[in-house]
1. Looking at the stretch 97-122 only, could you name the residues that are of a type in the set (A, V, I, L, M, F, W, C), open to solvent by 50 Å² or more (accessible area, probe 1.4 Å) and in a helix (DSSP H, G or I)?
2. Pull up the stretch 60-96, narrow it to residues that are within 18 Å of residue 50 (Cα to Cα) and assigned to a loop (DSSP other than H, G, I, E, B), then point me to the one that is least open to solvent (accessible area, probe 1.4 Å).
3. Of the conditions (1) surrounded by 11 or more Cβ atoms within 10 Å (Cβ to Cβ); (2) assigned to a helix (DSSP H, G or I); (3) modelled with pLDDT of 90 or more, residue 34 clears all except one; give me its number.
4. Being under 25 Å from residue 36 (Cα atoms), more than 12 Å from the chain's Cα centre (by Cα), modelled with pLDDT under 80 and in a helix (DSSP H, G or I) is true for just one of 125, 155. Which residue is that?
5. Name the single residue that is modelled with the lowest pLDDT among those in the stretch 37-65 being small (Gly, Ala, Ser) and over 17 Å from the mean Cα position of the chain (by Cα).
6. Is there a residue in the stretch 1-17 that is charged (D, E, K, R) and at pLDDT 80 or above?
7. Given the conditions (1) aliphatic (A, V, I, L, M); (2) surrounded by 11 or more Cβ atoms within 10 Å (Cβ to Cβ); (3) free of Cβ contacts under 8 Å to residues at least 24 places away in the same chain, which single one is not true for residue 21?
8. Please indicate, with yes or no, whether at least one residue in the stretch 98-112 is without any contact (Cβ under 8 Å) to a residue 60 or more places away in the chain, among the basic types (Lys, Arg) and under 16 Å from residue 144 (Cβ atoms).
Amino acid sequence: MTGSRPTIVVTAVVLGAALGLGTYTFAYARGWAYMTDDPKACKNCHVMNEQYDGWIKSSHRSVAVCNDCHVPDNLIAKYATKGSNGFWHSYYFTKGSFPEPIRALPGSRAIAEGNCRRCHEPVVTAMGTPAHAGSSDISCIRCHGSVGHLELAATNLPESPR
């Protein structure tokens, strides 16, 4: 045996406490809901109520849920993004250091942009203009940011330099 008995006991207690606390936190926060495509999972955190309410009133409600716009269209990337977002959302919510109104970060905006172009590819291609068809100089969410959340278009803008 390579470890002493007290070291093994302390390690087991620490790991058990971390596992117990993690399990309790996951259950308390209804973490299983984030594994689904149910938009109500996104408003488990009261910070997202305004975004959820905007989506309920939007034209996309009948054709898209939160995950259709906000996570990649690839199973592994989808759950990697959901896991990362869930961790960081929990972290900043617990610290109370999230901006209000909540803003999409550059990576999140890039995912949404890619999903806009993917879902609307026939229309974008039919427009035939470089600005819409293939340019990275123009952004769907810059001009059409209110489509998914109505009046919340301003939350899609990049953070201003400080």
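The values are calculated or read from the model by the stated rules, or taken from the named source; none is laboratory data. Note that this is a predicted model, so its numbers are computed, not measured. Don't worry about glycine lacking a Cβ; one is built from the backbone with ideal geometry, like all the others, and counts go over all protein chains shown. Just the protein is used for accessible areas: all its heavy atoms, side chains included, with ligands, DNA and RNA removed. Shrake-Rupley method; radii C 1.70, N 1.55, O 1.52, S 1.80 Å.
1. Selection gives 110, 119.
2. Looking at the filtered set, the residue picked out is 64.
3. Failed condition: (3).
4. Numbers: 125 fails: under 25 Å from residue 36 (Cα atoms).
Within the list 125, 155, the selection yields 155.
5. Filtering the stretch 37-65 down to residues small (Gly, Ala, Ser) leaves 41, 54, 58-59, 62, 64.
Add one more test, that the residue is over 17 Å from the mean Cα position of the chain (by Cα), and what stays is 58-59, 62.
Details: 58: 86, 59: 83, 62: 90.
Going through the qualifying residues, I end up with 59.
6. The answer is yes; a qualifying residue exists.
7. Just one mismatch for residue 21, condition (2).
8. Taking the stretch 98-112 first, the residues without any contact (Cβ under 8 Å) to a residue 60 or more places away in the chain are 98, 100-112.
Those left that are additionally among the basic types (Lys, Arg): 103, 109.
Cutting the leftovers down to under 16 Å from residue 144 (Cβ atoms) gives us 109.
Within the stretch 98-112, one or more residues are without any contact (Cβ under 8 Å) to a residue 60 or more places away in the chain, among the basic types (Lys, Arg) and under 16 Å from residue 144 (Cβ atoms).
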